[in-house]
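Student: Below is the structure I would like to discuss, written out as structure tokens.
The values are calculated or read from the model by the stated rules, or taken from the named source; none is laboratory data. As the structure is a prediction and not an experimental result, all values here were calculated from the model. With ideal geometry, Cβ positions are generated from the backbone for all residues, glycine too; neighbour counts draw on all protein chains shown. With ligands, DNA and RNA removed, areas are computed over all heavy atoms of the protein, side chains included. Shrake-Rupley method; radii C 1.70, N 1.55, O 1.52, S 1.80 Å.
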Amino acid sequence: MPSSTQRPDPPYRRIVAEIRARILSGDLRPGDRMPSIRQIAQRWGVAVATATRVMATLRDEGLVEAKVGSGTVVSARARAGQEQPPGPAASPGPRPAGVLRQALNREHVLRAAIAIADVEGLDAVSMRRLSAELGVAPMSLYRHVANKDELVTQMVDEAFGAAELPVPGPEGWRAKLELISRRQWELCRRHLWLPRAVSFTRPSLVPSMMAHTEWTLRALDGLGLPMATRIREALTLHALVLTVALSMADEVEAEQETGVTLDGWWLAQRKRADELLESGRFPLLATISGETVSDLDGLFEYGLACHLDGFAALLERQARTRS
């Protein structure tokens, strides 16, 4: 005799239903910031993969949308035509193979993946999330990338390939090193996920990133430096850029996670900061403005200038030794 007991909905559907009801009732209004994937996972006690599926389903239903600088927000179209709550998003129907091959290619896949990472971070990029964004079956993506690791590698290649490096470049080693450092800084500002996708100890074989290293090594031609010193200089410059860029990425992520801006965070800390700085224990720190501490562009430029000053001193010291 068949049981009359119905199987409970999967956790992601229950969470979707709860958030959907809040949107349709007006409790969450168009433009309101949605909880992040991490916050959904923590609040409902589910895995990150489940929380990611929640957000993908809400996006497929047109209830939420991603906005650069704001994360995921309630869509302006969320309540239009929503007399009845929609059911679970339908899977994309089958397409003729010829149409699929023509419509979906490596460039489409990478652009979509980079767009997701730019707004929601690298953790939000998955084959399932990407297939939902492109409106295709997940298996169709494997014609272009083998897995997420390969996808991220190709995303890095695409990002670095967008930064053109002049040949031969400006006159002088210092101008050349300033140029490539600032180009990489601009890349990291544009793609905040990029520093997390780069490893020094287990580097990915990414042609466009290797081209940056090759360009830097060539910028040091004629200085009489051994190749070991040249590659260390190239890696040190790259590390300088990535270190400051990671702080910038952390700040943007913290703001999206909490909804609190850096100014708001400092305002909340003001009482404690005033107590410490007015105690007389830190007279020098008390003279520093908050704008100086939070100016990451200024920190990058200061670090670059000091590093290149030190490298110039190294070259002078080696020249005196040779002479």
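Student: Can you name the residue in region 268-289 that is at pLDDT 75 or above and closer than 30 Å to Met34 by Cβ and is also nearest to the chain's Cα centre (by Cα) among such residues?
Tutor: Ala268
Student: For the list (1) outside any helix (DSSP H, G or I); (2) open to solvent by less than 20 Å² (accessible area, probe 1.4 Å), I need the number of the one condition that Pro166 fails.
Tutor: Among (1) outside any helix (DSSP H, G or I); (2) open to solvent by less than 20 Å² (accessible area, probe 1.4 Å), the lone unmet condition for Pro166 is (2).
Student: Taking Leu130 as the residue in question, decide whether it is open to solvent by less than 50 Å² (accessible area, probe 1.4 Å) and touching a helix residue (DSSP H, G or I) at 6+ places or on another chain (Cβ under 6 Å).
Tutor: Criteria met by Leu130.
Student: Looking at the structure I just gave you, is Ala159 touching an Asp or Glu at 6+ places or on another chain (Cβ under 7 Å) and either assigned to a helix (DSSP H, G or I) or over 21 Å from Leu205 (Cβ atoms) (or both)?
Tutor: In short, no.
Student: Somewhere in region 218-228, is a residue small (Gly, Ala, Ser), over 25 Å from the mean Cα position of the chain (by Cα) and surrounded by 15 or more Cβ atoms within 10 Å (Cβ to Cβ)?
Tutor: yes
Student: Among the residues of region 171-198, which ones are free of Cβ contacts under 8 Å to residues at least 24 places away in the same chain, open to solvent by 40 Å² or more (accessible area, probe 1.4 Å) and either in a loop (DSSP other than H, G, I, E, B) or aromatic (Phe, Trp, Tyr) (or both)?
Tutor: Residue satisfying the conditions is Glu171 alone.
Student: Checking the conditions here, which among Thr52, Thr57, Thr72 is under 22 Å from Gly135 (Cα atoms), outside any loop (DSSP other than H, G, I, E, B), at pLDDT below 85 and touching a strand residue (DSSP E or B) at 6+ places or on another chain (Cβ under 9 Å)?
Tutor: So the residue among Thr52, Thr57, Thr72 that is under 22 Å from Gly135 (Cα atoms), outside any loop (DSSP other than H, G, I, E, B), at pLDDT below 85 and touching a strand residue (DSSP E or B) at 6+ places or on another chain (Cβ under 9 Å) is Thr72.
Student: Of all residues in region 11-47, how many are in contact (Cβ under 8 Å) with a residue 40 or more places away in the chain and either among the acidic types (Asp, Glu) or open to solvent by 80 Å² or more (accessible area, probe 1.4 Å) (or both)?
Tutor: The qualifying residues number 5.
Student: Hey, another quick one. Does region 12-49 hold any residues that are under 19 Å from Ser75 (Cβ atoms) and in a loop (DSSP other than H, G, I, E, B), and which are they?
Tutor: Passing the criteria: Gly26, Asp27, Leu28, Arg29, Pro30, Gly31, Asp32, Met34, Pro35, Ser36.
Student: Glu233 is checked against (1) within 22 Å of Tyr302 (Cβ to Cβ); (2) open to solvent by 50 Å² or more (accessible area, probe 1.4 Å); (3) among the charged types (D, E, K, R); (4) touching a residue at least 12 places away in the same chain (Cβ under 8 Å) and fails just one. What number does that condition carry?
Tutor: Result: Glu233 fails condition (2) only.
Student: Among what's in region 142-163 and is small (Gly, Ala, Ser) and open to solvent by less than 40 Å² (accessible area, probe 1.4 Å), pick the residue that is modelled with the highest pLDDT.
Tutor: Ranking the candidates gives Ala159 first.
Student: Right, something else. Determine which single condition Glu251 fails, assuming it passes every other condition in (1) modelled with pLDDT under 75; (2) surrounded by 15 or more Cβ atoms within 10 Å (Cβ to Cβ); (3) charged (D, E, K, R).
Tutor: (1)
Student: Count, please, the residues in region 140-152 that happen to be free of Cβ contacts under 8 Å to residues at least 40 places away in the same chain and either more than 26 Å from Leu205 (Cβ to Cβ) or touching a Lys or Arg at 6+ places or on another chain (Cβ under 6 Å) (or both).
Tutor: So the count comes out to 0.
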